[in-house]
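To start, the structure under review is shown below, and the notes come after it.
The values are calculated or read from the model by the stated rules, or taken from the named source; none is laboratory data. Small disclaimer: the values here were computed from a predicted structure and weren't measured. Positions of Cβ are generated from backbone atoms using ideal geometry, with glycine treated the same way; all protein chains shown enter the neighbour counts.
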Amino acid sequence: QGTFFPPGIYVSTYDTVNAPTTYTLNLDKAESRRIANRLKPDDRVAMKEWLVAFGLPEEEIDTENTAQLLAQWEANYDPNLRLPGMTFARQRYFQRVNTSIQGLLSTEGAIIAVPNAETGALDQKGVVKQTDYANVNDVANVQLLVLGTDNFGRDILTELLAATAISLLIGLVAGIIATTIGLVLGLVAGYVG
């Protein structure tokens, strides 16, 4: 599903969770990268703008202090509150930011649950800790898309190679036909005189 995937290595999340071996890696910048991926600098500035418009003094808001910024946001943000001058699109933007930062500083793992066939309740199957990693070689479904995909979800590199092969074949056939026609006409002209 989806189109225009950017270039990269795509790994099945399902197969990653069910990988036979998980490795615990304590990487130095893993947490800061995780936070930076979900809370961009533009989002921090926008959150500050909302908090100032809400009534917090600007000097009390530090966009570099993630814990403080998230605490102020959690204490004051109301997704149903529409501040004066805020467009509906801007309000939806803040709702998306609020959704994306939920549990951002949590150190707990993600719980994997499966439905119980008898009761229908969810039973805990396992926990994926933030330090758990899977080796790509242990995952069954991995796809490398060097150039990404087009609007129909087709691998662009595969399409490019197929188009190149067809172009070369057409050029070769056209060259053979032109050479054959030229050779025949040249032989006839040379024979006739």
Fill in the blank from the handout: Among (1) over 30 Å from THR131 (Cα atoms); (2) hydrophobic (A, V, I, L, M, F, W, C); (3) surrounded by fewer than 13 Cβ atoms within 10 Å (Cβ to Cβ); (4) within 28 Å of the chain's Cα centre (by Cα), TRP50 falls short only on (3)
Handout entry: Among the residues listed as THR119, THR99, the single one being loosely packed, with under 11 Cβ neighbours inside 10 Å, in the same structural domain as ARG44 (by TED's automatic domain parsing) and in a loop (DSSP other than H, G, I, E, B)
Key = THR119
Exercise for the section: Go through the range 65-80 and give me each residue that's touching a residue at least 12 places away in the same chain (Cβ under 8 Å) and in a loop (DSSP other than H, G, I, E, B). Expected result: TYR77, PRO79
